1. Do any helices (runs of 4 or more DSSP H) entirely within segment 184-279 hold 1 or more residues that are exposed (fewer than 12 other Cβ atoms within 10 Å of the Cβ) and modelled with pLDDT under 90, and if so, which?
2. Taking segment 363-392 as the region of interest, how many residues are in a helix (DSSP H, G or I), open to solvent by 30 Å² or more (accessible area, probe 1.4 Å) and either in contact (Cβ under 8 Å) with a residue 40 or more places away in the chain or farther than 18 Å from R40 by Cα (or both)?
3. Give segment 141-151 a look and list any residue that's open to solvent by 60 Å² or more (accessible area, probe 1.4 Å), in contact (Cβ under 8 Å) with a residue 60 or more places away in the chain and either in contact with an Asp or Glu (Cβ under 7 Å, 6 or more places away or on another chain) or not basic (K, R) (or both), or say none.
4. All but one of (1) surrounded by 18 or more Cβ atoms within 10 Å (Cβ to Cβ); (2) more than 27 Å from A95 (Cβ to Cβ) hold for R331; which doesn't?
5. Step by step: first the residues of segment 343-362, then only those that are surrounded by fewer than 16 Cβ atoms within 10 Å (Cβ to Cβ) and closer than 16 Å to D394 by Cβ, then the one that is farthest from the chain's Cα centre (by Cα). Which residue is that?
Amino acid sequence: MTHNRAQAATYSLLRLSWGIFKVGALAFGGHAALVVMVERYLVVQKKLFSSEDILDAMSLATLLPGPMAVNVVCYLGYRLNGWLGAGVFFVAIAAPPTILMVIIAAWYYQAGGQFGTGGSNTFVLLTVAAVILSTGLTLYKKQIHRDAAGLALCLLAFVSTLVFSGFVVSIALILAGAIIGYSVYRTSSDAHVAEQYIVPKLGVNLLIILLLAVVFLGYLFGGYRFAPHGPWQIVSVFSGMSLTLFGGGMVIIPYMQAILVDELSWLQTKEYVDAIAFGQITPGPILVSVTFIGYKVAGILGAVLATLAIFLPSASLMIILAQYINYQHGRIKAVFRGIRPVVIGMIMAAGIQLLMATPGFSLPAVLFGLIGFAWLSFGRLNPIYLILIGFFIDFIF
């Protein structure tokens, strides 16, 4: 019976991973779009998590290094089936952009670096913006509605994210939400509830923390300079970056250029700029650009190792830390209740920013985006199909 249950759990995990794979293949628009589509799949369609679970995971991921979206997806996989679930979800979400980037890199270098990044993706980006905004509206209705403090925090985060940019602003907003949440929502009747989602495995966690500490310290003291050129150097560079990356992919672009182009001379400046451009036009987080760079240094093996190294260390760190947060403790609940409106405001701002960055506005494109927003907000349309329609229109016209 136990064997049958284990088989059923594995089969269910594999079926879920196929849905995550489809999300990873169509999640254009950066980390916000990726998390939003995962939320729709695991919360709205599969009902495996609550909106609070997703927002709490996003809140924690914002404070930690690494790409937020991938960290959240790996953590949700861990919640479902431990480290196996985390690994399966990671492969599912990372495989589509990684495969696409390897194909692009092979084509690029076969063409002598002349492969361009032109082409319009107006309808796809408008569709993704509609998905983000409709999800933000749904989360607002569920989490805030008539809560005055929550509304004020949401508006503050929305306006601040649009006006300012950068990791410092995001951290300041999260901290403001935590402080206000602790002050407003904490009550004397809240009792300490000794409940956790996952029982931490101390031995495994200590081993992983030790490995992460070695990676971090080695990178901090420039150990990657002494690693042999090729796969070993790829792992040492990108795994260290994974643990020092705060504020998302855009923040680390000049930092990566200083190391990869100026110091290690892995690429020419034009190649690096093209790698970042390809990371922007492919689905998933912009950090999939490292797949392109890894391919340049050591072929397909280098591409795979670069992808693993940039994502897995920070995701492992988040999973370990999340195990020791008791979300049922009254004060912890109050803190995260204050952070959730901030995250919702950031999500809404991300949708507006994507609209502002969309090229080639036209009346048909705007109408398509508005219809998509209404359908997603008030109907039960799967956003994957809407994005596929947008992609098809962009490809034809």
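The values are calculated or read from the model by the stated rules, or taken from the named source; none is laboratory data. Just so we're clear, the structure is a prediction, and the values are computed from it rather than from any experiment. FYI the Cβ positions are ideal-geometry reconstructions off the backbone, even for glycines, and counts take in every protein chain you see. Heads up: the accessible areas ignore ligands, DNA and RNA and are worked out on the full protein's heavy atoms, side chains in. Shrake-Rupley method; radii C 1.70, N 1.55, O 1.52, S 1.80 Å.
1. Values: elements: 202-220, 231-242, 249-257.
Filter on segment 184-279 gives 202-220, 249-257.
2. 12
3. The answer is L151, and nothing else.
4. (1) is the only condition that R331 fails.
5. Within segment 343-362, the match that is farthest from the chain's Cα centre (by Cα) is S362.
So that you can scan it fast, the table gives a plain yes or no per residue for (1) at pLDDT below 90; (2) open to solvent by 60 Å² or more (accessible area, probe 1.4 Å); (3) touching a Gly at 6+ places or on another chain (Cβ under 7 Å):
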{"residue": "M58", "(1), (2), (3)": "yes, no, no"}
{"residue": "A86", "(1), (2), (3)": "no, no, yes"}
{"residue": "F89", "(1), (2), (3)": "no, no, yes"}
{"residue": "L100", "(1), (2), (3)": "no, yes, no"}
{"residue": "Y108", "(1), (2), (3)": "yes, no, no"}
{"residue": "G118", "(1), (2), (3)": "yes, yes, no"}
{"residue": "L126", "(1), (2), (3)": "yes, no, yes"}
{"residue": "A130", "(1), (2), (3)": "yes, no, yes"}
{"residue": "S134", "(1), (2), (3)": "yes, no, no"}
